[in-house]
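Below is one structure, written out as structure tokens, with a few remarks after it.
The values are calculated or read from the model by the stated rules, or taken from the named source; none is laboratory data. Keep in mind the model is a prediction, meaning the values are calculated, not measured. Ideal geometry is used to build each Cβ from the backbone, glycine not excepted, and the neighbour counts take in all protein chains shown. To get the accessible areas, we keep the full protein, side chains included, count just its heavy atoms, and leave off ligands, DNA and RNA. Shrake-Rupley method; radii C 1.70, N 1.55, O 1.52, S 1.80 Å.
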Amino acid sequence: MDRSSEPGRPGGKALRVLVRAVPPTGLEGGARRGDDGRVRERQAGRNEELGRFLRAMRARLRPDDVGLPAGGRRRTPGLRRQEVAQLAAVSVEWYVRLEQGRASEPGTAVLDALARALRLSPVERRHLHVVARGEAPVSRPVSRPVSDSLRALLDGMPLLPAYVVDFRFDVLAHNGAAAALFGEDFGTGDTDNTARMLFLSPRVRAMQSEWARVARETVGNLRATLARHPDDPRLLELVGELRSASGEFTRWWDDHTIRQRAHGTKRVNHPSVGELTVHYDTLATLDDAAQRLIVLTPADTGSERSLRTLLADRAGSLL
């Protein structure tokens, strides 16, 4: 081993100065330089993709599609750049730079104006924001019934409790296995909303072996949802109802807990078969209805046997 770098050895001081002067590339300073270069590279690629997308959207439109005169013969199909700029109320020079990938990151209001000018669909508007800014705008969910295909999917899982909720946590549909586990009144009255049932239904509360954890996660999920939809009157009404009815909800709401889990494990204490351990998974639809399918699966053989017993008992009671 070269011992010249040890204190008191010849050359040790010079070597220590050299080490301090040239930091290894793995240190924070080198990482910042590398990250900064990657950020600029990603931004340049994003600008180029934005320009290509805008050109493609412009090319598919004709002047009469947007209420403009044709203006004589055109050498290329689609709107002219100055026409898009006029419709979006932006300068022609800035829009040209935007299509060329040379403009700075546009704001959300400008992107929405471009989406209206180019007659973009909701999916295309979302893509425009993602390409331009790396983030998607929050859209207002549209309330609609559960589709026939989603209902068929629910009924096609006869051995697994499953149900569909909207962004307000209202239960929109459920299958027979969910009724066997949670009761025939699941989805009605105090159990028409998963947040309401946890805090206002004594029976549902008693079934949750880890009620505090599940309820706290629900509060955090509800707060995150309200942040995305702060003006929804029914969501605000639900929060107000739970705040007035539950001190635990109020305490957890006021500490601004944010907890969103797409999957996990919980224990359910059923009055007929005892405790079951189940996994839960949340699958979201990709349309503007913002519906979610929640499926429970047994976590062990004992829970699977208990669930099958509940299903058999329900089938016998319906005969």
Considering Cα pairs under 8 angstrom that are at least six residues apart, work out the relative contact order of the chain and quote it in whole percent. 12
With the other protein chains left in place, how much accessible area per residue, in square angstrom, belongs to the chain at a 1.4 angstrom probe? 57
In whole percent, and with a 1.4 Å probe on the protein chains, what portion of the accessible area of the stretch 234-302 is carbon and sulfur? 51
With +1 on the Cβ of every Lys and Arg and -1 on the Cβ of every Asp and Glu, the dipole magnitude of the chain about its Cα centre, in debye rounded to the nearest 20, is 1760
The stretch 207-274: relative contact order as a whole-number percent, Cα under 8 Å and 6+ apart: 55
Quick one: which residues, 5 or more positions from residue 270 or on another chain, have an amide H under 5 Å from its amide H? H modelled 1.01 Å from N in the peptide plane, none for Pro or chain starts. 275, 276
List the extent of the Cα atoms of the chain along each of their three principal axes, largest first, rounded to whole Å. 87, 74, 39
Which angle from 0 to 90°, rounded to the nearest 10, does the C-alpha axis of helix 233-245 make with the longest principal axis of the chain? 50
Phi-based couplings in Hz for the stretch 117-130 (Karplus 6.51, -1.76, 1.60; Gly and Pro marked x): 4, 8, 6, 6, 6, x, 5, 5, 4, 4, 4, 4, 5, 5
Distance from the Cα centre of the stretch 237-312 to that of the stretch 165-233, in angstrom? 7
Sequence gap at least 6, Cα distance under 8 Å: using those rules, report the relative contact order of the stretch 56-104 to the nearest whole percent. 29
